[in-house]
Amino acid sequence: MAFYLVTGGAGFIGSHLTEELARRGHRVRVVDDLSTGHRRNLAHLGGVEFIEGDLADLEVARRAVAGVEFVLHQAAIPSVPRSVTDPLTSHRANADATLNVLLAARDEGVRRLVYAGSSSAYGETPTLPKVETMRTATLSPYALQKLMGEQYCQLFTQLYGFQAVTIRYFNVFGPRQDPSSPYSGVISLFISAICDGRAPTICGDGEQTRDFTYVSNVVDGVLRASEAPGVAGEVINVATGGRISINALFRALRDLIGVDVAPIYGPARAGDVRDSQADIGKARRLLGYEPAVGFEDGLRKTVDWYRASQVTTA
Ligand code: UD1
C-alpha cells in the first residue's frame with residue numbers, strides 16, 4: 001500500500017484515478033478547489049481524505065503533499081477557449097499551481113510525481129500521428145501553460161533529481177465528465193444535448209479531428225507511469241491512437257442515442273487545433289500500455305452512464 005495525493009481529485013479524470021487507487025487498496029488524499037470538480041464525484045468512495053484549497057497558494061500545496069509518496073497532479077482549468085478568454089485565471093491554475101506542487105513535492109521528498117500534460121502542446125505541427133520527439137507549437141494560453149508545466153517537470157528531474165513524469169492526454173472522455181459549462185469537453189456536451197433533444201453546436205466545419213481517449217485508459221497509463229522504472233523526466237503520449245472528425249463523432253452519438261437532431265454550425269474556435277492523433281509507441285515501450293477500451297466501446301459506456309445519471313446542462 002502506498003500513499004497517493006491526487007490534485008484535482010474531485011474532477012473528472014482525478015476522481016477516476018482516486019477510485020482506482022482506493023480499489024487497489026492505496027491510501028489516497030485529494031486536494032481540490034471545487035472550481036470545476038464536485039464533491040459528489042467522490043461520494044461513493046470511503047476513506048479518501050479531502051482538502052479543499054487552491055494550489056496557487058504554496059501553503060495549500062505544502063499541506064496537501066505532507067507525508068505522501070506519490071503525487072498525481074491533475075488539478076487544472078482544462079479548457080482551450082476559457083484560457084483564450086481569461087488567460088490569467090487559467091495561468092494561475094495551470095502554471096503557478098504546478099510550480100507550487102513541484103516545489104512542495106520536492107521539499108517533502110515525494111518519490112514520484114505524474115503530471116497531466118496535454119496533446120495541445122503539439123498545436124499545428126503538420127505531421128500525424130504526433131510523436132513525443134516533435135517540436136511543440138502552442139496555439140492557446142492553455143497549451144502554453146500545460147507545456148510550461150511539463151518543462152518544469154523535466155527541469156525538476158534535471159536540476160534536483162526529482163522524479164517527475166508527464167503523460168500527455170489526448171481528449172479524454174467518459175463518465176463524470178461534466179457537461180454543464182460551455183467550456184466542457186465536446187463529447188459530454190454532445191451527449192447531453194442529443195439526449196435532451198437539443199441541437200449541439202459544431203464549431204467550424206466539423207472536419208477537425210481528435211484522438212478521443214476513454215478515461216480508464218488514461219487511469220491505466222498514469223498509474224503505470226507512477227510505478228514504471230526509469231521514466232523520470234519523460235514525456236509520454238497516452239491515447240487511443242486513432243482519430244475521428246467532429247462531424248463523424250456527432251453522427252456516431254446521434255445513432256447510438258437514437259434521437260434525430262441536426263447540429264448547428266457555429267464559428268471555429270480561436271486557438272483550436274485542426275488535427276490530433278497520437279503515436280502511442282513510447283507508452284507501449286516504456287509503460288507496457290495498451291488502450292484496453294476502444295473508442296466505440298468507450299462511447300457506449302459513456303452514453304449509458306449519462307442516461308443512468310441523467311446529467312444534463314442547465
Ligand atoms: C484540448 C486538448 C486536450 C485538452 C483539452 C482540455 C487538443 C488537440 N486537445 O481539447 O488535450 O485536454 O483541450 O479541454 O488541443 N467542439 C465543437 N462543439 C462544442 C465543443 C467543442 O464542435 O460544443 C469542437 C472544438 O472546436 C474542438 C473539438 O470539438 O475542435 C474538441 O473540443 P474540446 O472537447 O473542447 O477539446 P479540445 O479543445 O480539442
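Results for (1) within 9 Å of the ligand (Cβ to nearest atom); (2) more than 19 Å from V293 (Cβ to Cβ); (3) among the acidic types (D, E); (4) touching a residue at least 60 places away in the same chain (Cβ under 8 Å), shown as yes or no for each residue.
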{"position": "S180", "(1), (2), (3), (4)": "no, yes, no, yes"}
{"position": "G197", "(1), (2), (3), (4)": "no, yes, no, yes"}
{"position": "L223", "(1), (2), (3), (4)": "no, no, no, yes"}
{"position": "I236", "(1), (2), (3), (4)": "no, no, no, yes"}
{"position": "I244", "(1), (2), (3), (4)": "no, no, no, no"}
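Which members of the stretch 3-33 meet the condition of being outside any loop (DSSP other than H, G, I, E, B) and loosely packed, with under 15 Cβ neighbours inside 10 Å? Residue satisfying the conditions is R23 alone. Evaluating D57 against the criteria (1) in contact with a strand residue (DSSP E or B) (Cβ under 8 Å, 6 or more places away or on another chain); (2) in contact (Cβ under 8 Å) with a residue 40 or more places away in the chain; (3) among the acidic types (D, E) leaves one unmet condition, (1). Residue pairs whose Cβ atoms lie under 6 Å apart, sitting 6 or more positions apart in sequence or on different chains, and linking a residue in the stretch 259-278 that is more than 25 Å from C195 (Cβ to Cβ) and of a type in the set (K, R) to a partner that is buried (at least 18 other Cβ atoms within 10 Å of the Cβ) and at pLDDT 95 or above, are R274/Q208.
Scanning the stretch 68-98 for residues that are in contact (Cβ under 8 Å) with a residue 40 or more places away in the chain and open to solvent by 50 Å² or more (accessible area, probe 1.4 Å) yields E69, P78, R82, V84, P87, H91, D96. Going by what's in this entry, would N217 be described as in contact (Cβ under 8 Å) with a residue 40 or more places away in the chain, open to solvent by 10 Å² or more (accessible area, probe 1.4 Å) and part of a helix (DSSP H, G or I)? It is false that N217 is in contact (Cβ under 8 Å) with a residue 40 or more places away in the chain, open to solvent by 10 Å² or more (accessible area, probe 1.4 Å) and part of a helix (DSSP H, G or I).
Annotation for the stretch 231-243: no member residue is closer than 26 Å to R39 by Cα and either part of a helix (DSSP H, G or I) or modelled with pLDDT of 95 or more (or both). Kindly check whether there is at least one residue in the stretch 34-53 that is touching a residue at least 40 places away in the same chain (Cβ under 8 Å), open to solvent by less than 60 Å² (accessible area, probe 1.4 Å), among the aliphatic types (A, V, I, L, M) and assigned by TED's automatic domain parsing to the domain that holds M148. No, because not a single residue in the stretch 34-53 is touching a residue at least 40 places away in the same chain (Cβ under 8 Å), open to solvent by less than 60 Å² (accessible area, probe 1.4 Å), among the aliphatic types (A, V, I, L, M) and assigned by TED's automatic domain parsing to the domain that holds M148. Under the condition of being assigned to a helix (DSSP H, G or I) and either within 15 Å of the ligand (Cβ to nearest atom) or outside the structural domain of P129 (by TED's automatic domain parsing) (or both), the residues counted in the stretch 246-282 number 12.
The values are calculated or read from the model by the stated rules, or taken from the named source; none is laboratory data. Here the structure is a predicted model, which means the values were calculated and not measured. As a convention, Cβ positions derive from the backbone with ideal geometry for all residues, glycine included, and neighbour counts pool all protein chains shown. Accessible surface areas use protein heavy atoms only, side chains included; no ligands, DNA or RNA. Shrake-Rupley method; radii C 1.70, N 1.55, O 1.52, S 1.80 Å.
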